[in-house]
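J.: Attaching a single structure in structure tokens format; questions to follow.
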Amino acid sequence: MTLVIFAVLLWAVGFGVNVVLANGPARDTGAVRLAVPLIFGLTILGMWELIVRGMQVSTVILPPPSLIAASFAENLGTLWGDFVQTILKGALSGYIFGCGAAFVTALLVDRSDYLRRGLLPLGNFMAALPIVGTAPILVMWFGFGWQSKAAVVVLMVYFPMLVNTVAGLSETTSMQRDLMRTYAATWGQTLWTLRLPAALPFVFNGLKICSTLALIGAIVAEFFGSPTLGLGFRISTSIGQLDLGMVWSAILVSALSGTVFYGLVALAERRTTFWHASHRGGR
């Protein structure tokens with residue numbers, strides 16, 4: 001129980017430090033904005049380690065972070081191969097192709113009321129299809145390589161991206177569009193100078209949503225057929241071998257990849273839409 005008491009004390013210290021930093025005079029600086037979540041995360045990891053060891057929790061149920069870190073370090077080569085197979089080949093290629101195709105389709109939908117009435121309701125239907133039902137079919141169609149995982153990702157990201165982009169293209173007011181018509185602007189000029197900039201927050205919202213969907217789709221698809229590589233394959237086989245350290249190592253790679261992926265999209269959004277009201281508040 002001593003370690004559990006230390007865990008409670010660690011939480012109290014971490015919480016107190018974060019309260020002081022978050023409410024101090026330097027709370028708006030970049031260093032503090034980075035330090036607060038970092039301290040919070042380290043506090044959670046420290047409590048996890050102390051509570052699991054103090055209460056003697058079985059490693060099959062929940063291994064301590066130190067065991068996960070050791071397994072991660074011992075299997076860096078294997079995990080790197082899994083990362084390349086799942087993230088770079090399956091998730092990233094499907095993400096790029098699916099989001100790009102959805103963006104082009106949104107431009108066509110914007111030009112055609114027929115497509116708007118016919119395709120968008122179909123999109124709601126397709127988005128509701130369970131991945132556990134569609135993934136095995138796509139694996140049978142495209143084989144056990146990364147191509148089938150990319151196809152699953154395309155199916156998952158296409159319609160969320162399409163819906164967000166179409167909504168963004170409709171964001172401008174009728175007065176703004178009438179003003180462009182008085183300047184004799186073409187559809188392309190209006191799109192480039194008015195409607196596309198107004199749609200960027202919606203487009204990036206779709207990209208951020210799809211960044212997590214792409215990782216989930218690629219990993220889950222590997223449960224239904226994969227070569228001897230991939231994060232989903234590694235999780236599935238390691239669970240069968242009760243190698244919980246490797247399971248959590250693969251989960252750690254997935255979580256870090258998703259965080260970096262989402263952060264890069266959010267950074268691009270901040271650099272591109274710095275003029276938007278959502279980025280000016282509180283500054």
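J.: Shape verdict for the chain, please, from the Cα gyration tensor: rounded (a/c under 1.5), prolate (a/b greater than b/c) or oblate.
T.: Because a/c hits 1.5 or more and a/b fails to exceed b/c, the chain counts as oblate.
J.: Quick one: Cα centre-to-centre distance for the range 76-94 and the range 1-33, in angstrom?
T.: Spelled out, the Cα-based centre of one part sits 35 Å from the other.
J.: Right, something else. What does the accessible area per residue of the chain come to in Å², with a 1.4 Å probe and no ligands, DNA or RNA counted?
T.: 56 Å²
J.: Report in % the part of the accessible area of the range 15-155 that belongs to carbon and sulfur, leaving out ligands and nucleic acids; probe 1.4 Å.
T.: Reported share for carbon and sulfur atoms: 74 percent.
J.: About the Cα centre of the chain, what is the dipole size in debye to 20, counting +1 per Lys and Arg Cβ and -1 per Asp and Glu Cβ, all else neutral?
T.: The calculation lands at about 740 debye.
J.: Between residue 127 and residue 273, take the C-beta separation as r, use R0 = 25 Å, and let me know the FRET efficiency to the nearest 0.05.
T.: The value I calculate is 0.50.
J.: Suppose R0 equals 41 Å; then what is the FRET efficiency for residue 243 and residue 38 from their Cβ-Cβ distance, rounded to the nearest 0.05?
T.: Efficiency computed from Cβ-Cβ geometry: 0.90.
J.: Also, quick follow-up: Using the membrane-span-like helix rule (whole DSSP H runs, Cα extent along the own axis of at least 24 Å, mean Kyte-Doolittle hydropathy at least 1.6), which helices of the chain qualify?
T.: 2-23, 196-221
J.: With an 8 Å cut-off on Cα pairs and a minimum separation of 6 or more residues, tell me the relative contact order of the chain in percent.
T.: Relative contact order here is 22 percent.
J.: Find the Rg to Rh ratio for the range 2-57, where Rh is the Kirkwood radius over alpha-carbon pairs and Rg uses the same atoms.
T.: 1.11
J.: Let me ask another. Hey, can you rank 180-190, 215-225 by average C-beta count inside 10 Å, highest first?
T.: With the highest mean Cβ count within 10 Å placed first, the list reads 215-225, 180-190.
J.: Classify the range 38-174 as rounded, prolate or oblate, taking a ≥ b ≥ c as the square roots of the eigenvalues of its Cα gyration tensor: rounded when a/c is under 1.5, otherwise prolate if a/b is larger than b/c and oblate if not.
T.: prolate
J.: So what is the relative contact order of the range 104-186, in percent, for Cα pairs below 8 Å that sit 6 or more residues apart?
T.: Rounded, it is 35 percent for the range 104-186.
The values are calculated or read from the model by the stated rules, or taken from the named source; none is laboratory data. All values reported here derive from a predicted model rather than from experimental measurement. For neighbour counting, all protein chains shown are included, and Cβ atoms are generated from backbone atoms with ideal geometry for every residue, glycine included. Heads up: the accessible areas ignore ligands, DNA and RNA and are worked out on the full protein's heavy atoms, side chains in. Shrake-Rupley method; radii C 1.70, N 1.55, O 1.52, S 1.80 Å.
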